[in-house]
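Below: the structure, in structure tokens.
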Amino acid sequence: MAQKIYITSGEARSGKSLAVLGIMELFAGSGQKVGFFKPLIASEDEVDPCLDFIMERYKSTLPYDSLYGCTATKARELINSGQYNELIKLILDRFKTLEKECELILCIGSDYTHLSPALEFDFNTDIANNLDCPLLFVVNGQSASVQEVVERTVAVLDSLEERRCDILSLIVNRVSPRLINDVSDSLEGLIGKKVAHYVVPESSILAKPTVGNVADILGAVCISAEHEWQYRQISTYTVAAMELPNFLDYIQSGSLVIVPGDRSDIILGSLLSYSSTTYPQIAALLLTGGLKPARQVSKLVEGLGRFPVPILSVPTDTFTTAMNVNALGGTFVAGDLRKIAAALGIMEASVDLAALKEHISMKRTGKVTPLMFEYNLVQRAKEKRCHIVLPEGSDERILRAAEIVRLRGVAKLTLLGNVQEVMDKIASLGLRLDNIEILDPRRSRLKDDFAKTYYELRKHKKISEQMAYDLMTDVSYFGTMMVHLGHADGMVSGAVHTTQHTIRPSFEIIKTRPGCSIVSSVFFMCLADRVLVFGDCAVNPDPDPQQLADIAISSAETARMFGIEQRVAMLSYSTGESGKGKDVEKVRAAVNIARNMRPELRLEGPIQYDAAIDPNVAAAKMPDSDVAGKATIFIFPDLNTGNNTYKAVQRSANAVAIGPILQGLNKPVNDLSRGCTVADIVNTITITAIQAQEEIK
């Protein structure tokens, strides 16, 4: 029997999708086959946005037609003809078919847009009872006083108990942050331990749509935009009906400016206001009436080279457009990492997900999917928030990743760079990085102490005090010294700088861990159902036997740190004693050294890749091995082999490659690829934070 939860609310815009995302993330971390189901969708002709989001984010392979019970039109027909019970049976039959395919199922209640509100509450409770689902009910506390929120919550609880629902939890959502404590205290006094209940604050990031939401729902055409324009947050709407001088007084930060497409003065004034330090920065321009700017204005805008804000166009008139925009709420899309991070951060901070998990009694499996691995990384990092320094503070990807890390509560961050330049970049991107520490190495009070320390460390290399002082103005050296002297727990760089620029200061300042002869790297290769460790695929071109042994031992330690079973395969072109030659002898010598250093470690080599990973091949080539066919850690004999293999596996098996992760240093420093994505940076920061936790123990 599948474990299941039914999430519903008592009205539209309760923020139910926040709970849906939080529980789906919890389910995805279990390794079981997860399904999701909506009893009602609007139409078979249009993909349901909620189901579409979940399918894309969680890479579901379930057929879309199996994920819903009935269309709203069909439901109304059955209800109006007195066949309400037939509607329930129809939905139950569809659900039972899905239930056979899944181990966990999240049921998502109706949206209060299909049936009458009075009927919809009863409909959701009837469906939950008939599907035998415990109910997680979301109470809307938006714009309500403490008394109103409490009375509403108690009334919901009484209604659910009258209908004999199995209540898993109540989430009182969208409560004003200033009322959180008062609401929590009042509910505790009235409900106590009767039912688990959580109070979640209102969040402007979640409540308001992004520019992409507006474009999708209104069918807007993008005339011009910069990279990732669709994720820009809208905080308010401004209809531009005045002449430019008067309109400028009404500009607000993060505003969507709604204006007829032929108002050249407003269009140009809005674009100029964005770059001006005397006016707030708008989120986007929405041109109405299907009108395009005059040819000369378009030419002038094109000449700017980089469009400061997105410019969208809709065919509807200004009044209709304003009404349509005002009706929009915040919705999730799979690519909006910022909003997803904000939602998960709020859920994890406000709701005891561990208690819910215990209540649902979710089993664990041996499988580890990429999403599970990333989820578990975040949970590990949050156990003890470490301090990570990011030397490339003005890079857009770094800043976007920093915001996500802050929203999830993964780590404390320091950005390096020109303070005003970094702050301007944060403002221009519309990011929420308030009060983040920004240090300029050229002006920091730490620079003199850092220079003196570096001089003492490197004077045997004949460097002068002036050279040491000059080097401390470099962000990589400054960040590394922050880690060395305990001002930060770890460093992540390389989005802009070369690998050498990033890790050379670490070799000079932090140095290798005692007993380890070499700094090396691993990639976490996240396959469909497991995570493998590949090393060294990024740093050492041709390690000798001692270095190769150290790489194997360091990789095993890294695997242990991240909960990956330690079975080490030291790869070569032959398996066991069959091969001869310089290259295979190097691996054979490395295996002997590693076994002497760590006799308890399960380690095999020389061994070919197929014998290491495939049980059938292993049975023929190494039937008595405890590693062959079951290896989790793959040590390559040189950089040429390792780098090519990890890329081949990444592309051919659609694996998620996380790394390179440096190992062997006294303190954690990690290098990014200059082609890294925001998600890559977030993962690397999270991993660095976990490595730092291990160092602090």
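Values in this text are rule-based calculations from the coordinates and carry no lab data. Small disclaimer: the values here were computed from a predicted structure and weren't measured. Positions of Cβ are generated from backbone atoms using ideal geometry, with glycine treated the same way; all protein chains shown enter the neighbour counts.
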remark   = For segment 366-509, the dipole about the Cα centre with charges only on Cβ (Lys and Arg +1, Asp and Glu -1), to the nearest 20 debye, works out at 440 debye
request  = Treating the angle as unsigned and between 0 and 90°, give the value, to the nearest 10°, between the Cα long axis of helix 337-350 and the longest Cα principal axis of the chain.
outcome  = 80 degrees
request  = Give the shape of segment 186-232 as rounded, prolate or oblate, defined through the alpha-carbon gyration tensor: a ≥ b ≥ c are the square roots of its eigenvalues, a/c under 1.5 means rounded, and otherwise the shape is prolate if a/b is larger than b/c and oblate if not.
outcome  = prolate
query = Using helices alone, what [θ] at 222 nm do you get for the chain, with -39,500 (n - 2.57) per DSSP H run of 4 or more residues, divided over all residues and rounded to the nearest 500?
reply = -13500 deg cm²/dmol
task = Kindly write out, for segment 17-34 in residue order, the coupling ³J(HN,Hα) from the Karplus curve 6.51 cos²θ - 1.76 cosθ + 1.60 (θ = phi - 60°), rounded to whole Hz, with x marking Gly and Pro.
result = 4, 4, 5, 4, 4, x, 6, 4, 5, 5, 4, 4, x, 8, x, 8, 6, 9
task = Within segment 540-582, find all residues whose amide N lies under 13 Å from a label point positioned 7 Å from the Cα of ASN596 along Cα-to-beta-carbon.
result = 545-547, 549-550
ask   = Tell me, in nm to one decimal, what length is gained between GLU188 and GLU243 on full extension, where the rule is 0.36 nm per residue of separation less the Cα-Cα distance?
value = 14.4 nm
query = Given 20 °C and 1.002 mPa s, how large is the Stokes-Einstein diffusion coefficient of segment 366-509 in µm²/s, with Rh as the Kirkwood radius over Cα pairs?
reply = 132 µm²/s
Proximal lysines to LYS384, defined as alpha-carbon separation beneath 23 angstrom and excluding residues fewer than eight positions away on the same chain = LYS357, LYS412, LYS667, LYS697
task = Among the aspartates and glutamates, select those whose C-alpha is under 15 Å from the C-alpha of LYS33, and discard any that sit fewer than 8 residues away in the same chain.
result = GLU25, GLU99, GLU101, GLU103, ASP529
key: DSSP bridge pairs, the chain: antiparallel proportion in percent, nearest 5   = 20 percent
request  = List the trypsin sites (Lys or Arg not before Pro) within segment 521-625 that fall in a DSSP loop (any state other than H, G, I, E or B) and whose Cβ has at most 11 other Cβ atoms within 10 Å.
outcome  = LYS580
task = Output ³J(HN,Hα) for segment 463-480: one whole-Hz value per residue in order, computed from phi by the Karplus curve 6.51 cos²θ - 1.76 cosθ + 1.60 with θ = phi - 60°, and x for Gly and Pro.
result = 7, 8, 5, 5, 4, 4, 5, 5, 5, 6, 7, 7, 5, 5, 5, 5, x, 5
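How much length is gained if the chain between GLU465 and ALA118 is pulled fully straight, taking 0.36 nm per residue apart and subtracting their Cα-Cα distance, in nm to one decimal?
Full extension of this stretch gives 117.1 nm more.
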query = Quick one: length gained pulling LYS292 to ILE696 fully straight, 0.36 nm per residue minus the C-alpha distance?
reply = 139.5 nm
query = Using a cut-off of 30 Å between alpha-carbon atoms, which lysines can reach LYS582, once sequence neighbours fewer than 8 places away in the same chain are excluded?
reply = LYS621, LYS630, LYS647
request  = Only Lys, Arg, Asp and Glu count, each charged at its Cβ (+1, +1, -1, -1), so figure out the dipole size of segment 211-326 about its Cα centre, rounded to 20 debye.
outcome  = 200 debye
inquiry  = Shape verdict for segment 211-326, please, from the Cα gyration tensor: rounded (a/c under 1.5), prolate (a/b greater than b/c) or oblate.
reply    = rounded
note = Taking Cα atoms only, helix 582-597 is inclined relative to the longest principal axis of the chain by an angle, in degrees rounded to 10, of 80 degrees
note = Options [x] 33.2; [y] 44.3; [z] 36.1 are given for mean projected area of the Cα convex hull in nm², and the computed one is [z]
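Where both residues lie in segment 520-664, what percent of DSSP beta bridges are antiparallel, nearest 5?
Taking every DSSP beta bridge within segment 520-664, about 55 percent pair in antiparallel fashion.
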ask   = Under the classification rounded if a/c is under 1.5, otherwise prolate if a/b is larger than b/c and oblate if not, where does segment 520-664 fall, given a ≥ b ≥ c as square roots of the Cα gyration tensor eigenvalues?
value = rounded
message = Explain nothing, just the number: dipole magnitude of the chain about its Cα centre with +1 on each Lys and Arg Cβ and -1 on each Asp and Glu Cβ, in debye rounded to the nearest 20.
response = 1600 debye
ask   = Sequence-distant or interchain residues sharing an amide H contact under 5 Å with THR331, placed H: which?
value = THR210
key: Among MET423, HIS460, ALA381 - extreme Cα towards positive end, dipole of segment 366-509, charges at beta-carbon   = ALA381
key: Dipole-positive endmost among ALA618, ILE79, GLY605 within the chain (Cβ charges, Cα centre)   = GLY605
request  = Can you find, among SER176, SER116, PRO543, the residue farthest towards the positive end of the dipole of the chain? Put +1 on the C-beta of Lys and Arg, -1 on that of Asp and Glu.
outcome  = PRO543
task = For helix 499-509, report the angle its Cα long axis makes with the longest principal axis of the Cα atoms of the chain; keep it between 0 and 90° and round to the nearest 10°.
result = 60 degrees
